[in-house]
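Take this structure first; my questions come after.
The values are calculated or read from the model by the stated rules, or taken from the named source; none is laboratory data. Predicted model only: the values in this text are computed from it and were never measured. Glycine gets a Cβ as well: all are built from the backbone with ideal geometry, and neighbour counts include every protein chain shown. Accessible surface is based on the protein model in full, side chains and every heavy atom, while ligands, DNA and RNA are left aside. Shrake-Rupley method; radii C 1.70, N 1.55, O 1.52, S 1.80 Å.
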Amino acid sequence: MTHVTDGDTFWVRLAGGGKPVPVRIDGIDAPEICQAGGQAARAALASRVARRTVTLAVRRHDDYGRAVASVRVGGEDIAGWMVGQGHAWSYHYGREGGPYLKLQGQAQAARKGLFSDPHALAPRFFRKQHGSCHP
């Protein structure tokens, strides 16, 4: 891992070398960097992946050219950890609550991280109201 952009995106240098590539963690949506909880989410992700070897299972590439992947460090599911600690929402797929909905409910009940704020706004709603943090 070379750089953490926000709570669900980081850059990694692949084992074969070359330029770092962007990775979007599959299954979660972390607060935008300019949104309440955004800086804490980035710091939490960095604390978990910085200077560590990550294992990626790439599912696809998104419209921004990022590899959308499940991410593990030492066997730990990083997306599950982020949601469970209250640093991200389970990514909604249509009407489904996403793969980490149970962990999200537990984090909300325990008022962990961003869920300590009863008015915490999911990033998809934040973007609709305020646009992107990046001009």
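Please state the relative contact order of segment 35-131 as a whole percent: Cα pairs under 8 Å, 6+ residues apart?
With pairs under 8 Å counted, the relative contact order is 21 percent.
In addition: Among the lysines, which have Cα under 18 Å from the Cα of residue 102 when same-chain residues fewer than 8 positions away are ignored?
Here the lysines satisfying the reach criterion relative to residue 102 are 112.
Picking from 104, 57, 17, whose Cα lies most toward the positive end of the charge dipole for the chain (charges on Cβ: Lys, Arg +1; Asp, Glu -1)?
Projecting each Cα onto the dipole axis, the largest value belongs to 17.
Give me the 1.4 Å probe accessible area per residue for segment 39-80, excluding ligands and nucleic acids, in Å².
It amounts to 60 Å² per residue over segment 39-80.
Probe radius 1.4 Å, ligands and nucleic acids ignored: give me the carbon and sulfur share of the accessible area of segment 35-135 as a rounded percent.
Here it works out to 50 percent.
Determine which residues of segment 65-102 fall in the zone a paramagnetic label at residue 128 would reach in this model, i.e. backbone nitrogen under 16 Å from the point 7 Å along Cα→Cβ.
Under cut-off, by backbone N: 91-97.
Output the peptides 26-32, 111-117, 67-73, 46-52 sorted from most to least packed, where packing is the average of other Cβ atoms within 10 Å over each peptide's residues.
26-32, 67-73, 111-117, 46-52
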